[in-house]
1. Closer than 28 Å to Ile274 by Cβ and either loosely packed, with under 13 Cβ neighbours inside 10 Å or free of Cβ contacts under 8 Å to residues at least 40 places away in the same chain (or both): does that describe Ala179?
2. Tally time: how many residues in region 165-222 are of a type outside the set (A, V, I, L, M, F, W, C) and either away from ligand 2 (no atom under 16 Å from the Cβ) or at positive phi (or both)?
3. Just to check your reading of the model, which residue among Thr263, Thr185 is at pLDDT 90 or above, over 21 Å from Tyr353 (Cβ atoms) and touching a Lys or Arg at 6+ places or on another chain (Cβ under 6 Å)?
4. Can you name every residue in region 117-142 that is part of a loop (DSSP other than H, G, I, E, B), surrounded by fewer than 16 Cβ atoms within 10 Å (Cβ to Cβ) and touching a residue at least 12 places away in the same chain (Cβ under 8 Å)?
5. Given the condition farther than 30 Å from Glu165 by Cβ, in contact (Cβ under 8 Å) with a residue 12 or more places away in the chain and part of a strand (DSSP E or B), answer yes or no: does some residue in region 312-332 qualify?
Amino acid sequence: MTTETTDARTPPVAVWQVLERMSREELLAWRTAEVKGRPSAAERNLDMPYPFGWYPALLSAELAIGEVRPLRYFGTDLVIWRGEDGQVRMLDAYCRHLGAHMGHGGKVNGNNIECPFHAWQYNGEGVVEHIPYSRTIPPQVKRPCPTQWPVTEANRWIWFWYHPEGIAPLWEVEHVPEATDPAWTDYDVFEWNVWGNLQNMAENGVDAAHFKYIHGAANVPEYEFSWDHFWRSARLFVRLGTPQGEVNGEIAYKNIGPGQSYTRFTGISETLLIACITPVDKDHCVARFCFTQPKAQAAGPRAGAARAIIKDICKQFDQDKVVWDRQRYLEKPLVCAGDGPIAQFRQWYAKFYVTPGAGPAAMAAE
Ligand code: FES
Ligand SMILES: [Fe+2]
């Protein structure tokens, strides 16, 4: 609800000045363009392990039956395909015969992937089931691939399980009802490349002070956090400074492991955001924000406000991206009262690393 009519935003900071100078086209190009000449991941202290969990691979609609696509996540080239049975399967991309990348020219044969080079056929576990020109299959290729990539579908997304030591999934992907409710809109999807690290990005949600200084919230928000073994959740009560004055808003989010993030915005307009962020390399994550809103709201008299909230959330991501693209990971940050529960966040997040004594665990122990 609007309580004032004067511009209530905090004074423009440098980040806003950079972003506001861009045209719409320039902004869209900037969101995905590579930040060239950046320091190495090691120099930014990002050369740390990847956390295990379920991660988004592709929208379900991006992979039709019989379709093959190359992917790269977790510093690994991958091939993903949908078999004739409708199931999605994923393997390391490089054929164990002579090393062809099966994401480029590979095709679906039944439920298997067929390599473009000599037509060896792999099942979803990476077992070679057929070599068309050979009467025998060597015993070593009858074994599954050493790295397995469990895959599932939920919320109109394809999810895959990453674990550096090949441990089977420790929890299920949560289904959020709005994602498949016909009374809610199709996803509105926005995409970024972030030249930074997933943990730094995730820390944003507990970084209470930054909402005011980089996003222009009218206050440092009040918040309630809950922590559990594999999930964490929060409610933040924000007074948003808009050009038309201050508006009360509530943000409630739930994260399950490091790769599943569901955020509900209420106050101005009801909105669900599934933030799909997956590491590509140590200093590169791909982020796709999927928004859905009740159709009645998105097409009704409050449609303008409903659009504006999506635009504003994307703008906030743009503002954070300016920082994330160049941020170092600090194992021992200098935090102060008012910063939010950063140490508690890191303690929770450290569960998802398997390397003993890795950066975040070191701080959590203090
Ligand atoms: S390289 Fe794949 S079948 Fe030969
Ligand atoms: Fe932020």
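The values are calculated or read from the model by the stated rules, or taken from the named source; none is laboratory data. Quantities reported herein were computed from a predicted structural model and do not represent experimental measurements. Glycine also receives a Cβ, built like all others from the backbone with ideal geometry; neighbour counts cover every protein chain displayed.
1. Taking the combined requirement at face value, the residue does not satisfy it.
2. Total satisfying the criteria: 19.
3. Being at pLDDT 90 or above, over 21 Å from Tyr353 (Cβ atoms) and touching a Lys or Arg at 6+ places or on another chain (Cβ under 6 Å) holds for just one of Thr263, Thr185, which is Thr185.
4. Within region 117-142, Phe117, His118, Ala119, Glu125, Val127, Pro132, Tyr133 qualify.
5. No: region 312-332 contains no residue that is farther than 30 Å from Glu165 by Cβ, in contact (Cβ under 8 Å) with a residue 12 or more places away in the chain and part of a strand (DSSP E or B).
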